[in-house]
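Have a look at the structure below before the remarks.
The values are calculated or read from the model by the stated rules, or taken from the named source; none is laboratory data. Worth saying up front: this structure is predicted, and the values here are computed from it rather than measured. Glycine also receives a Cβ, built like all others from the backbone with ideal geometry; neighbour counts cover every protein chain displayed.
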Amino acid sequence: MPELPDLNPVVHGKLRLALLTLLTGVDEAEFTWLREKTGATDGNLGAQLMKLEEAGYVSVEKKFVKRKPQTLYRMTDAGRAALTEYVRALKQLLGEAVI
Amino acid sequence: MGTSANDLELTERLNLIEAMITEGRRRCESWGWTFLLWGVAYYVAFFWAAWEHFAYAWPVTVVAAALLTMLGFWRQGNPPNTTLGRAIGATWAAMGISMFILFDALGFGGHLADARIFFAAASAMLGMANAACSMMLKWKAEFACAMVWWTAAVIASFGSVDAAADAFLAAIFLCQIVFGIYAMILESRRRSERGTAHA
């Protein structure tokens, strides 16, 4: 019997997984867009994005647009690889191809 | 944790991934208002041109509608770019530019004396854009709009000027006004149904 894979704990968090998945489909996303899509609170969202940033899975850019602060998040290559590996492991654990 | 509970949690994660992929791709529905806006613009241009025989009715109305569309998107903020969103936006922009150039050129070149040429070409182009968008989004309702536009194009090619005008006006009503309102209702419903993902 093959050894079952471990799931990456950074990716496994529900909100972090949602954020990484959302970021796979876009070039970059504003904090407010991620908040709207996930329905998370500012504090929780900020904390989870910081964990993803610390893990090197997302990069952050802060700038001013029309004098308003804007925080943009992008998925890194490491983040994309981590999510791909997570989905592969998840499918292996469930023993079926879902996606 | 038991195996079934564990499996349930893992399945929940997969469902979450699918839901977020869908959520991230959801762009076109927020364009429902543009269908409505352009439907009203087509009616304004049509009746303005018909009643006053004003040669610039269509160009002026189209430019005004384009400016209003840009203003609307500017007010929406800065939604993130997706490949799908870019593809859909590019399809409509390319169609709009093509129509603007073609009809201005035909009009000022004196080749639009037969209004059926305008109705047929405009309907075919709108059918093309709707069809391309519907195939990208796998949205049957929008493909039905494409078929309505293509039908209007065929009627304009074979029927009288009055029949062509009637078909064009009916297509505007169905594919711009009714479809635009339908898309806006869908968008509003999805906004209210939107779930949450907590850590």
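Among the residues of the stretch A:1-44, which ones are of a type in the set (G, A, S) and more than 14 Å from A:T71 (Cβ to Cβ)? Show your work before the answer.
Here is the first cut: in the stretch A:1-44, the ones of a type in the set (G, A, S) are A:13, A:18, A:25, A:29, A:39-40, A:43.
Selection gives A:G13, A:A18, A:G25, A:G39, A:A40, A:G43.
Tell me, please, whether a residue that is surrounded by 14 or more Cβ atoms within 10 Å (Cβ to Cβ) and under 20 Å from B:M184 (Cβ atoms) can be found in the stretch B:95-113.
No, there is no match, as no residue in the stretch B:95-113 is surrounded by 14 or more Cβ atoms within 10 Å (Cβ to Cβ) and under 20 Å from B:M184 (Cβ atoms).
Conditions tested, residue by residue: (1) within 12 Å of chain B (Cβ to nearest Cβ); (2) crowded, with 17+ Cβ neighbours inside 10 Å; (3) within 11 Å of the chain's Cα centre (by Cα); (4) assigned to a helix (DSSP H, G or I).
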residue	(1), (2), (3), (4)
A:V11	yes, yes, yes, yes
A:L19	yes, yes, yes, yes
A:L23	yes, yes, yes, yes
A:A47	yes, no, no, yes
A:E61	no, no, no, no
A:R80	no, no, yes, yes
A:E85	no, no, no, yes
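What are the residues in the stretch A:25-35 that are over 21 Å from A:E85 (Cα atoms) and at the interface with chain B (Cβ under 8 Å from one of its Cβ atoms), if any?
Residues of the stretch A:25-35 that are over 21 Å from A:E85 (Cα atoms), as a first pass: A:28-35.
Selection gives A:E28, A:A29, A:E30, A:T32, A:W33.
Can you report the number of residues in the stretch A:63-78 which are within 13 Å of chain B (Cβ to nearest Cβ), surrounded by 11 or more Cβ atoms within 10 Å (Cβ to Cβ) and not hydroxyl-bearing (S, T, Y)?
Residues meeting the conditions: 5.
Quick one: which of B:A115, B:A141, B:A153 is in contact (Cβ under 8 Å) with a residue 40 or more places away in the chain and more than 12 Å from the chain's Cα centre (by Cα)?
Details: B:A141 fails: more than 12 Å from the chain's Cα centre (by Cα); B:A153 fails: in contact (Cβ under 8 Å) with a residue 40 or more places away in the chain.
Every option except B:A115 fails the conditions.
Quick one: A:L7 ticks every box in (1) farther than 25 Å from B:S192 by Cα; (2) not in a loop (DSSP other than H, G, I, E, B); (3) not basic (K, R) except a single one, so which number is it?
Failed condition: (2).
Please enumerate the residues belonging to the stretch A:36-45 that are part of a helix (DSSP H, G or I) and facing chain B (nearest Cβ under 7 Å).
Selection gives A:K37, A:T38, A:N44.
When you scan the stretch B:61-74, do you find a residue that is part of a helix (DSSP H, G or I), modelled with pLDDT under 90 and within 14 Å of chain A (Cβ to nearest Cβ), even just one?
Within the stretch B:61-74, one or more residues are part of a helix (DSSP H, G or I), modelled with pLDDT under 90 and within 14 Å of chain A (Cβ to nearest Cβ).
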